[in-house]
Amino acid sequence: MIELLLPADVSSAATRAETVPDGTLFPEEEALIAKSVAKRRNDFATARACARRAMAGLGLPPVAVLHGHRGKPLWPEGIVGTLTHCAGYRAAALARATDVLSLGIDAEPHAPLPTGVRELVTLPAERERIGPPAPEGTGEIHWDRILFSAKESVFKTWYPVTGVELDFVEADLTLHRTDRPESGARSQGPAAAEGTFAARLLLTDPALPTTLHGRWRVEDDIVATAVLVRPDWSERTES
């Protein structure tokens with residue numbers, strides 16, 4: 001699903017597998033999670049298996065993907081990339097730095113945000129735009145979850161360039177749906193919903209535009225979002 005949100009010069013790979021065969025990780029990767037619980041190990045390993053497939057899509061040999069501060073993946077020289085994992089879905093997306101300045105992807109279960117989280121991660125204006133939470137099991141779109149995922153993608157795009165952590169309330173997002181739901185239906189259903197979003201950054205940095213644009217999709221009970229910034233973004237903005 002994530003490949004539908006990204007341009008052709010971004011190599012992506014995804015899996016719904018919860019585990020990978022023994023020996024998938026490089027020794028230095030194994031060392032990072034040697035004391036981790038099973039869930040953390042599985043998330044780490046499956047995401048890196050996706051990363052290796054994405055590397056192959058760029059003609060690169062497989063290498064270890066270690067991490068820096070706040071878990072930021074460390075990619076080969078000249079490569080930018082991003083990882084995501086949630087129950088039932090893991091993905092990686094990579095591109096050459098000559099083509100992409102930064103990108104972020106995120107995947108989440110298509111379900112309402114837990115009680116109390118909605119208020120912590122959204123601005124009042126955002127809550128007004130998306131309306132009240134949709135009841136679970138009704139087939140309606142959970143806009144709060146899409147908004148949360150979109151912010152995660154924004155932050156994954158922001159941090160590698162700026163080195164500054166962005167709080168959830170420092171980006172004001174507007175979501176748009178671009179597919180055509182069935183007339184008169186409460187929802188077209190999670191399998192066929194998609195759209196775009198714009199994130200107005202309330203904390204700015206000259207290295208990035210003040211508004212980031214991305215895409216979202218809901219399919220098979222998973223929400224996926226993606227944001228991408230080109231190296232020549234300032235020229236495109238001015239033209």
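With respect to G71, determine if the residue is without any contact (Cβ under 8 Å) to a residue 12 or more places away in the chain and under 28 Å from A17 (Cα atoms).
In short, yes.
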What number of residues in the stretch 119-167 are hydrophobic (A, V, I, L, M, F, W, C), under 16 Å from the mean Cα position of the chain (by Cα) and open to solvent by 50 Å² or more (accessible area, probe 1.4 Å)? 1
Filtering the stretch 89-118 down to residues that are under 20 Å from W143 (Cβ atoms) and open to solvent by less than 30 Å² (accessible area, probe 1.4 Å) yields Y89, G104, I105, D106, A107, E108, H110, A111, L113, R118
Residue hits (the stretch 36-58; closer than 20 Å to T15 by Cα and not in a helix (DSSP H, G or I)) are L58
Run down A51, A8, A38, A14 and say which single residue is at pLDDT 95 or above and out of contact with any strand residue (DSSP E or B) (no Cβ under 8 Å at 6 or more places or on another chain). A8
Tell me, which residue of the stretch 106-130 that is of a type in the set (A, V, I, L, M, F, W, C) and assigned to a loop (DSSP other than H, G, I, E, B) is nearest to R90 (Cα to Cα)? A111
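Here is a check on your reading of the model: is A111 in contact with a helix residue (DSSP H, G or I) (Cβ under 7 Å, 6 or more places away or on another chain) and closer than 23 Å to V80 by Cβ?
Details: in contact with a helix residue (DSSP H, G or I) (Cβ under 7 Å, 6 or more places away or on another chain): yes; closer than 23 Å to V80 by Cβ: no.
So A111 fails the test.
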Test: L5 is crowded, with 17+ Cβ neighbours inside 10 Å, of a type in the set (A, V, I, L, M) and within 21 Å of E108 (Cα to Cα): yes
Odd one out for W75, checked against (1) farther than 18 Å from L5 by Cα; (2) of a type in the set (F, W, Y); (3) open to solvent by less than 40 Å² (accessible area, probe 1.4 Å): (3)
Restricted to the stretch 21-45, and to residues that are within 14 Å of H85 (Cβ to Cβ) and either among the aromatic types (F, W, Y) or in contact (Cβ under 8 Å) with a residue 40 or more places away in the chain (or both), which residue is surrounded by the fewest Cβ atoms within 10 Å (Cβ to Cβ)? D43
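The values are calculated or read from the model by the stated rules, or taken from the named source; none is laboratory data. Keep in mind it's a predicted model, so treat the numbers as computed, not measured. Quick reminder, even Gly has a Cβ in these numbers, built from the backbone with ideal geometry, and neighbours come from all protein chains shown. The protein model used for the area step is the full one, side chains on, heavy atoms only, and it has no ligands, DNA or RNA in it. Shrake-Rupley method; radii C 1.70, N 1.55, O 1.52, S 1.80 Å.
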